[in-house]
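Quick notes on the structure that follows.
Here, each number is a calculation from the coordinates, and none is a lab measurement. Bear in mind that the values here come from a model prediction, so they are computed numbers and not experimental data. A quick note on method: Cβ atoms are made from the backbone with ideal geometry, for glycine too, and the neighbour counts reach across all protein chains shown.
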Amino acid sequence: MAPRRGHAEAMSEQLRKLVGSKRDHPPWKEIKFRCSFHNTIYDVLKSRGFRETENELDWDLFWCDKEWIHEAFDHIHLQAHQRVNHFRNHYELTRKDLLVKNIRRAHRQALKDGLMEEAQGFAACSPTTFVLPLEYSMFVEEFKKQQANGTIWIMKPVGKSQGRGIFLFDRLSQVSSWRQDPKWMRLQKEGEQKPRNKKDGDEDEEEKKEAEPYVVQRYLSDPLLIGGKKFDLRLYVLVTSYSPLTVYLYRSGFARFSHARFSMDLADLSDAMIHLTNVAVQKHNENYDEKRGGKWDLRALKLHLMMTENVGKVNQLFNDMQDVIRFSLLSVQKVMIQDKHCFELYGYDIMISKDLKPWLIEVNASPSLSANTVSDYEMKFALLDDVLTVLDFEKYLDGTEEQIGGFDVLYRNGARVGPAPTAAYSTHLGCRNNRAEQLRRLALQLSREEGRKRTAILQPPPSAVSGKRRGREKPS
């Protein structure tokens with residue numbers, strides 16, 4: 001989808017007009033980038049006036065895929081100004097099994113240190129979860145305890161996305177059969193199998209018949225529904241540093257809806273159209289809404305909840321979502337390899353239960369930056385434009401800003417950051433995204449500062465002027 005001229009480009013234009021015009025050498029003319037994708041992020045980079053390069057190392061920003069980080073990052077030397085969009089071991093947060101492990105460890109440490117409030121925050125992040133096959137015995141024990149309650153469980157492969165390999169079950173025998181014949185093997189796309197013409201001695205993962213690691217979670221059987229349909233939320237979080245932890249939360253996001261009415265009938269457990277909200281799944285539904293893409297803007301959702309639920313509980317819900325994000329990041333802070341060259345834009349998937357409690361489903365290291373509707377494109381364009389503004393390649397900012405475009409600082413200098421104590425709400429999440437107004441104010445402020453600097457350079461200091469005047473005075 002081609003970029004659209006409109007409010008999404010207001011930031012770039014404002015800073016060029018009001019700030020760049022006062023500089024002898026507009027800084028964006030010198031910024032070079034590489035990009036592994038030709039989607040919205042590529043459009044934003046070009047729109048800002050950055051120069052594309054194919055040079056392996058001569059760039060300021062490389063928006064790369066995860067494979068490049070794994071294969072190349074440790075074998076090159078970067079200059080101080082160069083940035084890449086992933087941390088070395090991003091998978092500590094974005095792989096489902098490692099996320100569970102890190103949250104558990106942080107919870108145990110908080111209990112050991114007597115930090116009960118923090119321990120409760122870690123425990124409240126995600127549903128009861130086990131990693132299979134490693135924790136199979138523990139899972140079986142919990143399964144038997146919950147069997148009388150009719151608990152439904154959901155299995156997810158740790159390394160797949162877009163709903164691939166996920167299934168629901170209510171009988172232990174279904175998992176036993178999975179152990180013998182791993183479901184991931186039978187769900188691979190046609191032609192995805194590895195070639196058989198290997199040299200003698202080469203290992204073949206498929207021939208080993210080892211089960212791919214999965215996580216199994218207690219399924220949220222009482223989700224909050226709108227119009228009888230299930231939905232989850234996609235929120236965007238920018239981390240510019242893990243030491244110190246610095247987190248920005250984007251005000252906008254969206255809800256992704258299923259296109260079939262929700263049902264917990266056992267006969268419907270295998271119906272992905274009912275239980276999975278991924279666009280990759282829902283777009284195959286005959287009732288798929290091409291115009292809206294099955295999505296609803298986060299602010300529209302919040303306003304709807306304000307009208308249909310208790311306002312205080314809705315405010316608490318959005319505050320709790322911030323806490324889920326914060327505690328998940330704190331759980332990996334000590335294990336994440338900090339590197340000044342790295343930043344990360346995460347896509348958080350959160351489900352809401354009927355009692356208005358948020359649950360972390362997963363964290364994505366490469367949230368989709370492609371758009372399937374005009375409104376989706378404009379939202380993602382603005383989001384990515386604001387990411388680049390926060391990264392500040394042009395050296396406009398002083399580092400103390402609490403709002404930059406649609407991003408608000410969530411955590412900085414060891415403390416949570418939020419609205420003033422006197423504000424009627426405790427989080428900006430889901431509020432009106434006033435990015436264009438904020439960036440216009442920021443540009444005006446920066447323009448005035450540039451003007452003062454320029455005046456100070458051109459005008460001699462008062463002492464020099466007074467000295468010249470004294471030199472012209474006639475002796476008495």
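Here Tyr425 and Val374 are evaluated by their C-beta separation; at R0 = 25 Å the FRET efficiency comes out at 0.30.
Over 27 Å between Cα atoms, which of Lys66/Lys229; Lys96/Lys380; Lys230/Lys302; Lys66/Lys156; Lys101/Lys229; Lys96/Lys357 qualify? Pairs exceeding 27 Å: Lys66/Lys229; Lys101/Lys229.
Packing, taken as the mean count of other beta carbons within 10 Å per residue, orders the peptides 318-324, 72-78 from highest to lowest as 318-324, 72-78.
Sparse packing (at most 16 other Cβ atoms within 10 Å of the Cβ) combined with a DSSP loop state is found for the following GluC sites (Glu not before Pro) in the stretch 32-70: Glu54, Glu56.
Under the combined filter of DSSP loop state and at most 16 neighbouring Cβ atoms within 10 Å, the stretch 355-418 retains these trypsin sites (Lys or Arg not before Pro): Lys395.
Across the stretch 83-163, the relative contact order, built from alpha-carbon pairs under 8 Å that are at least six residues apart, equals 25 percent.
Of the trypsin sites (Lys or Arg not before Pro) in the stretch 60-104, not one is in a loop by DSSP (not H, G, I, E or B) with at most 15 other beta carbons within 10 Å. Electrostatic bookkeeping for Val417 treats Lys and Arg as +1 and Asp and Glu as -1; over the other residues with beta carbon under 10 Å from its beta carbon, the sum is 0.
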